[in-house]
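Take this structure first; my questions come after.
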Amino acid sequence: MDDSINFVVFSGTDDKLQALAVMSAGAAALEKKVNIFLQYWALDAFSKARIDQDHGLAPEAGAEGRAKVDALAKAGQASWMDTLRMARELGGIDIQACSLSMDLLGLEESDLDPLVDGVEGVTAFYLNAGDGQIVFI
Amino acid sequence: MADQQVDARGKNCPMPIVLTAKAVKALVSGQTLEVLATDPGSVKDFAAWSKTTGNEIIEQTTDAGVFRFVMKKK
């Protein structure tokens, strides 16, 4: 579909996942189709065992960045998982786990948070992305 | 008086738009939704959302940092 936006998510820190959630929610509100492909540490963050834990921030955040992120959260900013959950209710968001990363992390589909719709390989991801833009986070 | 209200005051981007999109989904064509928001990106975001989705902004006011929009479902 031409009007899709497709996120390949590699990083599993809370700030990058927040960026993913905000970009996805905005696209879903605009009635775009959103495909999210979770790899490596992003996939790890979507496991049932890890989703509610602190996933840290990107190295460039530093102590000052940490304080700013904490302040916004304390002021009531929705977490990335809550933002994604709400955005999914709009429809149009599909979240898939990369099958290679599932093997890497030793995860089964039953280990993943219900936010994740399924497991697929890179070929299926490209097929679903079609001519839409692909963004790597 | 609008048919539905969304109070998104104090909520950060993209929540005002997400809540609005969700509320509009539940309306029938021609019904109206009033939204209150304080997110500083709201004016541009609601204009872009309206342009993309075709749901018209029929009223827009700003009062003491609160943006108020009335949307009509297409």
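Provide the per-residue ³J(HN,Hα) series for the stretch A:22-27, in order, calculated from phi with Karplus coefficients 6.51, -1.76, 1.60 and θ = phi - 60°, each as a whole number of Hz, with x at glycine and proline positions.
Taking θ as phi minus 60°, the curve returns 5, 5, 5, 5, x, 5 Hz for the stretch A:22-27.
I've got another one for you. Bin width 10 Å, origin at 0, all Cα-Cα pairs of the stretch B:4-72: what percent of pairs per bin?
22, 63, 15, 0
Please find, in a Gaussian network model of chain A (springs between Cα atoms separated by less than 10 Å), the residue of A:GLY106, A:GLY12, A:GLY56 whose mean-square fluctuation is greatest.
Of A:GLY106, A:GLY12, A:GLY56, the Gaussian network model singles out A:GLY106 as fluctuating most.
Another question about this same structure. Name the long-range amide H neighbours of B:GLY10: under 5 Å, sequence gap of 5 or more, or other chain; modelled H, no Pro or chain starts.
When sequence neighbours closer than 5 places are left aside, the close amide H contacts are B:THR38, B:ASP39.
Can you give me the angle between helix B:42-53 and the longest principal axis of chain B, using Cα atoms only, in degrees from 0 to 90, rounded to the nearest 10?
For B:42-53 against chain B, the angle is about 20 degrees.
Right, something else. Would you list which lysines come within 19 Å of B:LYS73, measuring only between C-alpha atoms, while excluding same-chain residues fewer than 8 positions from it?
Of all the lysines, those that pass the test against B:LYS73 - Cα under 19 Å, at least 8 places apart if same chain - are A:LYS32, B:LYS22, B:LYS25, B:LYS44, B:LYS51.
Percent antiparallel among DSSP beta bridges with both residues in the stretch B:4-74, to the nearest 5? Before the final figure, lay out the partial values.
Working: 13 of 18 bridges.
Among the beta bridges of the stretch B:4-74, antiparallel pairing accounts for roughly 70 percent.
Now for a separate question. Note down the nm distance, to one decimal, between modelled labels 7 Å out along Cα→Cβ at A:LYS68 and at A:PHE136.
Taking the simple label geometry, A:LYS68 and A:PHE136 are separated by 2.5 nm.
Also, I was wondering about something else. If contacts are Cα pairs under 8 angstrom and at least 6 residues apart, what is the relative contact order of the stretch A:95-137 in percent? Before the final figure, lay out each step's value.
Details: 24 pairs, mean separation 20.0, N = 43.
In percent, rounded to a whole number, it is 47.
Next question, about the same structure. Under the rule a/c < 1.5 gives rounded, and otherwise a/b versus b/c splits prolate from oblate, where does the stretch A:43-110 land using the Cα gyration tensor? Display every interim value, and only then the final one.
Details: a/c = 2.57, a/b = 1.39, b/c = 1.84.
Oblate shape, in that a/c is at least 1.5 and b/c is the bigger or equal ratio.
Next question. Antiparallel as a % of all DSSP beta bridges within the protein assembly as shown, to the nearest 5?
40 percent
Of the residues A:ALA71, A:ALA124, A:ALA21, which exhibits the maximal mean-square fluctuation in a Gaussian network model of chain A defined by a 10 Å Cα contact cut-off?
In the Gaussian network model the winner is A:ALA71.
Taking θ = phi - 60°, what integer Hz values does the Karplus form 6.51 cos²θ - 1.76 cosθ + 1.60 yield along the stretch A:95-105, in sequence order, with x for Gly and Pro?
Result, rounded to whole Hz: 10, 10, 8, 6, 5, 5, 5, 4, 5, 4, 8.
Let me ask something else about it. Specify the residue with the greatest mean-square fluctuation among B:VAL35, B:VAL43, B:VAL18, computed from a Gaussian network of chain B linking alpha-carbon atoms under 10 Å apart.
B:VAL18
In debye to the nearest 20, how big a dipole does chain B give about its Cα centre with +1 on each Lys and Arg Cβ and -1 on each Asp and Glu Cβ? Kindly include the intermediate steps, with their values, before the conclusion.
Values: 10 positive and 8 negative charges, 55 e Å.
It comes to approximately 260 debye.
Please compute the modelled spin-label separation between A:ASP82 and A:LEU104, points set 7 Å along Cα→Cβ, answer in nm with one decimal.
With each label placed 7 Å out from Cα toward Cβ, I get 3.0 nm.
Over 21 Å apart: what share of the alpha carbon pairs of the stretch A:5-136 falls there, rounded to a whole percent? Numbers along the way, then the final one.
Values: 3376 of 8646 pairs.
More than 21 Å apart: 39 percent of the Cα pairs in the stretch A:5-136.
If you filter the stretch A:1-77 for GluC sites (Glu not before Pro), then keep DSSP loop positions with at most 16 other Cβ within 10 Å, what is left?
On the way: sites: A:GLU31, A:GLU60, A:GLU64; in loops: A:GLU31.
Counting only loop positions with at most 16 other Cβ atoms within 10 Å, the GluC sites (Glu not before Pro) in the stretch A:1-77 are A:GLU31.
Read the figures in this text as sums done on the coordinates, not as results from a lab. The model shown is predicted, which means the values in this text are computed figures rather than measured ones. Here Cβ is always computed from backbone atoms with ideal geometry, including for glycine, and neighbour counts include all displayed protein chains.
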